[in-house]
Amino acid sequence: AQSVAQPEDQVNVAEGNPLTVKCTYSVSGNPYLFWYVQYPNRGLQFLLKYITGDNLVKGSYGFEAEFNKSQTSLHLKKPSALVSDSALYFCAFLHNAGNMLTFGGGTRLMVKP
Amino acid sequence: DSGVTQTPKHLITATGQRVTLRCSPRSGDLSVYWYQQSLDQGLQFLIQYYNGEERAKGNILERFSAQQFPDLHSELNLSSLELGDSALYFCASSANTGTSGSYNEQFFGPGTRLTVL
């Protein structure tokens, strides 16, 4: 079955340090991958998507993602973390046939001052 | 603010009851999606509508149904509610054409938190 996996339930980083939130995929055909963020008591906010093309994708709020085909991954990155980045992060893939998103289990990012 | 609105924000009801959740998509978006977020199941796709027609179905129980109206708002009906139906229900919308090959991001509403007692 097609899926995405987020191997870390939680990632802890210090403010100002670079952050990485990992996502790997198992998808037949071309992977159409998305990252979303969920703040407490809020809906999901779109960060970025990888459809095809450059392996480095720029997103919102200073986030970017690095696509690696050989490692079947799209890791979310930010050069300098902010306390306000603390939230739940989800990667997802888009089913080409139905346009629905299948989400990973989520990774909680904690940025400490 | 994503532009997707959902009502009500919170809903508390008893087992066996029926509830209706409402969603208004972003202006101009023809596709509406419903997702369920629970602690044990994570975020799961339920159903998609495109311009009034059902387009895709996910892990939606037979006790649940949805529709999209001519003004493009959508309703999710949950009946014979069980304790396990307690969850956050999200609606999302996108500008896709409804066919494969559309890669538009989906914009999510703030959700309706359903508590079944």
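Step by step: first the residues of the range B:16-52, then only those that are touching a residue at least 60 places away in the same chain (Cβ under 8 Å) and open to solvent by 70 Å² or more (accessible area, probe 1.4 Å), then the one that is farthest from residue B:95 (Cα to Cα). Which residue is that?
So, considering only residues that are touching a residue at least 60 places away in the same chain (Cβ under 8 Å) and open to solvent by 70 Å² or more (accessible area, probe 1.4 Å), the one farthest from residue B:95 (Cα to Cα) is B:17.
For residues that are touching an Asp or Glu at 6+ places or on another chain (Cβ under 8 Å) and in contact (Cβ under 8 Å) with a residue 12 or more places away in the chain, scanning just the range A:38-56, find the one that is farthest from the other protein chains (Cβ to nearest Cβ). Walk me through how you get there before you give the answer.
Here is the first cut: in the range A:38-56, the residues touching an Asp or Glu at 6+ places or on another chain (Cβ under 8 Å) are A:46, A:48-49, A:55-56.
Subset that is in contact (Cβ under 8 Å) with a residue 12 or more places away in the chain: A:46, A:48-49, A:55.
Values: A:46: 5, A:48: 9, A:49: 6, A:55: 17 Å.
By that ranking, first place goes to A:55.
For the range A:65-96, enumerate the residues that are within 14 Å of chain B (Cβ to nearest Cβ), part of a loop (DSSP other than H, G, I, E, B) and over 16 Å from residue B:59 (Cα atoms).
Residue satisfying the conditions is A:96 alone.
Quick check, is residue A:71 closer than 23 Å to residue B:33 by Cα and either open to solvent by less than 20 Å² (accessible area, probe 1.4 Å) or polar (S, T, N, Q) (or both)?
Spelling it out, it is not the case that residue A:71 is closer than 23 Å to residue B:33 by Cα and either open to solvent by less than 20 Å² (accessible area, probe 1.4 Å) or polar (S, T, N, Q) (or both).
Please give the number of the condition residue B:84 fails out of (1) part of a strand (DSSP E or B); (2) of a type outside the set (Val, Ile, Thr); (3) closer than 30 Å to residue A:6 by Cα; (4) open to solvent by 30 Å² or more (accessible area, probe 1.4 Å).
(1) is the only condition that residue B:84 fails.
Condition check: surrounded by fewer than 20 Cβ atoms within 10 Å (Cβ to Cβ) and in a strand (DSSP E or B). Does residue A:17 satisfy that?
no
The values are calculated or read from the model by the stated rules, or taken from the named source; none is laboratory data. Everything numeric here is computed off the predicted structure, so don't read it as measured data. We place every Cβ from the backbone using ideal geometry, glycine too, and count neighbours over all the protein chains shown. Heads up: the accessible areas ignore ligands, DNA and RNA and are worked out on the full protein's heavy atoms, side chains in. Shrake-Rupley method; radii C 1.70, N 1.55, O 1.52, S 1.80 Å.
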